[in-house]
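Student: Take this structure first; my questions come after.
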Amino acid sequence: MSDLQAPLRPKRKKGLVDFLVQFRWVFVIFFVLPFSALYYFLIYLGDVRSEMKSYKQRQKEHDENVKKVVKRLKQRNPKKDGLVCTARKPWIAVGMRNVDYKRARHYEVDLSAFRNILEIDKERMIARVEPLVNMGQITRVTVPMDLSLAVVAELDDLTVGGLINGYGIEGSSHIYGLFSDTVVAYEIVLADGRVVRATKDNEYSDLFYAIPWSQGTLGFLVAAEIKLIPVKEYMRLTYTPVVGNLQDLAQGYMDSFAPRDGDQDNPEKVPDFVEGMVYSPTEGVFMTGRYASKEEAKKKGNKINNVGWWFKPWFYQHAQTALKKGEFVEYIPTREYYHRHTRCLYWEGKLILPFGDQWWFRFLLGWLMPPKVSLLKATQGESIRNYYHEMHVIQDMLVPLYKVGDALEWVHHEMEIYPIWLCPHRLFKLPVKTMVYPEPGFEQQHRQGDTPYAQMFTDVGVYYAPGPVLRGEVFDGAEAVRKMEQWLIKNHSFQPQYAVSELNEKDFWRMFDADLYEHVRRKYGAVGTFMSVYYKSKKGRKTEKEVQEAEQAHLETAYAEAD
């Protein structure tokens, strides 16, 4: 794509909802922020209380809670009770996807008690945790031990269950893959109440490979064993500015972590962490990090930056200063680095609180940040929610690394959204074909970043109000997302299912591979018990009749194949 000129659009007539969105910061300051702070404090107390319990006590409570789930499932009458769902309220989820799917399911199972870290096994380098454990909770326990999950998603609120069943990525994913790739075992309650432990090499290996991206539609995840890695106290972070066109920025990004000689597994050439931010069609800053000891960080002349303090500049704005002062290096405490985007929700905080990045606000009220996403969702109302679906974009495009430049040009032409977040991740070549998979024959191409066992992809994170909306022009958000999804399908790319999707069922299964998923659903009795992943991801209101008819069609097909 060479023509980057954005299409001309007419001015949009504003209404009451525009006024409500523009001044929503008043409600956020006086209601959402105080209640968010109270909520976070209560959750913290609960986490501390959990950490004070012995391993045996936590394991005993876990076993008792699993028995309750099993009992509840076995009490279900499939003909009368309908499809199964969790009792979690729709607005609690961090993702922006419309969760109207719960209206089509009525048999609730309560999983709210599954929020404990069950064990940190230093010998096996495994953390065994329950699905509602979030990233802030687990780094608070592991980092003081000089340990960490191999992939730690940036936002504190993101849970283990959501990152496994959905999508999770971090700056270390160019080494370890997505969050689900770091899991070594799942404890799953199946539709019939059986409790199984699935690993990649036991009798439930097909279930193990099918769980990621399944959105909880194969069974209830009640625990996971996740890979730990050794870490140091600080992250030595290098900020490198790049100026040029979008293809130049894409190449600078690739060169920051992917050696052109193909030596992708050489730790001397490949950093521990990678992140990129494109601020305009001609400017970007790419950050590479390596773990560093306290002794190194505190050497004379080295700069330590505690980015976690409430009064500090928002991280993305701090990184942007490299465009003026050139490349620089600083040391950030490891846990603060992991959660560097939490306080301002990447750059979404600028839309929620237009003056939230000002020094006086950060000093006076920055300690209340961030507003809890679930409270923002719970208080936005139908009209504001629809406005955000049309006038706002929160999407991730998972594209092969060599197509990053094309993706940046597409986003600029169709959406004009900046900043854009870039984060690489490996997509491994597995023994079975899962819902997301590398391009066939990628290993013969020897492209930059690829290895014989994994193709390098990149998350192109598009989060903000599009340029036309900011200029007061007409913008069709639904149509833009439809175009994006078709571009992704055409370019063997993927859309995480937390986001609002416009895909119909045919195109959904053009983007994702259905074979293993459907095989596992039938084999373990999920069909007729749990809603299929397409219907759970589908935009808009869904009736129980609609979903039940679709599930029945799957059941009849399964019976016919069995006969």
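Student: Of all the residues that make up the stretch 111-133, how many are within 26 Å of residue 271 (Cα to Cα) and surrounded by 22 or more Cβ atoms within 10 Å (Cβ to Cβ)?
Tutor: Within the stretch 111-133, residues that are within 26 Å of residue 271 (Cα to Cα) and surrounded by 22 or more Cβ atoms within 10 Å (Cβ to Cβ) number 1.
Student: Quick test for you: out of 192, 206, pick the one residue that is open to solvent by 10 Å² or more (accessible area, probe 1.4 Å), modelled with pLDDT of 95 or more and not β-branched (Val, Ile, Thr).
Tutor: Unique residue meeting the criteria: 206.
Student: I would also like to ask the following. What residue, of 308, 289, 284, is within 30 Å of residue 132 (Cα to Cα) and assigned to a strand (DSSP E or B)?
Tutor: Exactly one of 308, 289, 284 is within 30 Å of residue 132 (Cα to Cα) and assigned to a strand (DSSP E or B), namely 289.
Student: So, of the residues in the stretch 311-338 that are in a helix (DSSP H, G or I) and among the polar types (S, T, N, Q), which turns out to be nearest to residue 349 (Cα to Cα)?
Tutor: 317
Student: Which residue pairs have Cβ atoms under 6 Å apart, sit 6 or more places apart or on different chains, and have a first residue in the stretch 347-364 that is within 19 Å of residue 154 (Cα to Cα) and a second that is in a helix (DSSP H, G or I) and not β-branched (Val, Ile, Thr)?
Tutor: Cβ pairs passing all conditions: 347/316.
Student: Continuing with this model, one more query. What about residue 155, is it in contact (Cβ under 8 Å) with a residue 12 or more places away in the chain, in the same structural domain as residue 132 (by the TED database) and within 10 Å of the chain's Cα centre (by Cα)?
Tutor: In short, yes.
Student: Test each condition in (1) of a type in the set (Val, Ile, Thr); (2) open to solvent by 20 Å² or more (accessible area, probe 1.4 Å); (3) touching a helix residue (DSSP H, G or I) at 6+ places or on another chain (Cβ under 6 Å) for residue 373 and report the one that comes out false.
Tutor: Only one criterion is unmet by residue 373, namely (3).
Student: Considering (1) open to solvent by less than 20 Å² (accessible area, probe 1.4 Å); (2) aliphatic (A, V, I, L, M); (3) at pLDDT below 90, say which one residue 332 fails and leave the rest.
Tutor: Of (1) open to solvent by less than 20 Å² (accessible area, probe 1.4 Å); (2) aliphatic (A, V, I, L, M); (3) at pLDDT below 90, only one is false for residue 332: (3).
Student: Would the stretch 75-94 turn up any residue that is modelled with pLDDT of 85 or more, over 20 Å from residue 532 (Cα atoms) and either small (Gly, Ala, Ser) or surrounded by fewer than 18 Cβ atoms within 10 Å (Cβ to Cβ) (or both)?
Tutor: yes
Student: While we're here: Considering the stretch 162-179 alone, what residues qualify as being of a type in the set (Gly, Ala, Ser) and buried (at least 24 other Cβ atoms within 10 Å of the Cβ)?
Tutor: If the condition is that a residue be of a type in the set (Gly, Ala, Ser) and buried (at least 24 other Cβ atoms within 10 Å of the Cβ), then 166, 168, 171, 172, 173 are the ones that fit.
Student: So in the stretch 256-286, with the set limited to residues that are without any contact (Cβ under 8 Å) to a residue 60 or more places away in the chain and either within 19 Å of residue 150 (Cβ to Cβ) or of a type in the set (Asp, Glu) (or both), which one is least open to solvent (accessible area, probe 1.4 Å)?
Tutor: Applying the filter and picking the extreme gives 271.
Student: Restricting attention to the stretch 480-511, report how many residues are open to solvent by 40 Å² or more (accessible area, probe 1.4 Å) and more than 19 Å from residue 466 (Cβ to Cβ).
Tutor: Residues flagged as open to solvent by 40 Å² or more (accessible area, probe 1.4 Å) and more than 19 Å from residue 466 (Cβ to Cβ) within the stretch 480-511 amount to 7.
Student: Given the structure, is residue 299 among the basic types (Lys, Arg), open to solvent by 60 Å² or more (accessible area, probe 1.4 Å), farther than 27 Å from residue 410 by Cβ and in a helix (DSSP H, G or I)?
Tutor: Here the answer is no, as residue 299 does not meet what is asked.
Student: Still on this model: Would you mind finding the one in 482, 447, 471 that is within 24 Å of the chain's Cα centre (by Cα) and among the basic types (Lys, Arg)?
Tutor: Answer to the selection: 482.
Table: residues versus (1) touching a strand residue (DSSP E or B) at 6+ places or on another chain (Cβ under 6 Å); (2) closer than 30 Å to residue 470 by Cα; (3) open to solvent by 40 Å² or more (accessible area, probe 1.4 Å).
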residue: 425; (1), (2), (3): yes, no, no
residue: 428; (1), (2), (3): yes, no, yes
residue: 445; (1), (2), (3): no, no, yes
residue: 448; (1), (2), (3): no, no, yes
residue: 451; (1), (2), (3): no, no, no
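Student: If residue 224 satisfies all but one of (1) among the small types (Gly, Ala, Ser); (2) under 20 Å from the mean Cα position of the chain (by Cα); (3) not assigned by the TED database to the domain that holds residue 110, what's the number of the condition it fails?
Tutor: (3)
Student: Is it true that some residue in the stretch 389-401 is touching a helix residue (DSSP H, G or I) at 6+ places or on another chain (Cβ under 8 Å), closer than 28 Å to residue 271 by Cα and assigned to a helix (DSSP H, G or I)?
Tutor: Yes.
Student: If I filter the stretch 22-58 down to residues being without any contact (Cβ under 8 Å) to a residue 60 or more places away in the chain and polar (S, T, N, Q), which single residue comes out as surrounded by the most Cβ atoms within 10 Å (Cβ to Cβ)?
Tutor: 57
Student: A further question follows. Quick one: is residue 217 open to solvent by less than 20 Å² (accessible area, probe 1.4 Å) and part of a loop (DSSP other than H, G, I, E, B)?
Tutor: Yes; evaluated as a whole, the condition is true for this residue.
Student: Check the stretch 459-473 and report whether any residue there is at pLDDT below 95, crowded, with 22+ Cβ neighbours inside 10 Å and part of a strand (DSSP E or B).
Tutor: Yes: the stretch 459-473 contains one or more residues that are at pLDDT below 95, crowded, with 22+ Cβ neighbours inside 10 Å and part of a strand (DSSP E or B).
Student: May I pose another question? In this structure, does residue 351 turn out to be out of contact with any strand residue (DSSP E or B) (no Cβ under 6 Å at 6 or more places or on another chain), on the phi > 0 side of the Ramachandran plot and either crowded, with 16+ Cβ neighbours inside 10 Å or aliphatic (A, V, I, L, M) (or both)?
Tutor: Criteria not met by residue 351.
The values are calculated or read from the model by the stated rules, or taken from the named source; none is laboratory data. For clarity, every value in this text was computed on a predicted model and none was experimentally measured. No Cβ is skipped: glycine too gets one built from the backbone with ideal geometry, and neighbour counts run over all protein chains shown. Only protein heavy atoms, including side chains, enter the accessible area calculation; ligands, DNA and RNA are left aside. Shrake-Rupley method; radii C 1.70, N 1.55, O 1.52, S 1.80 Å.
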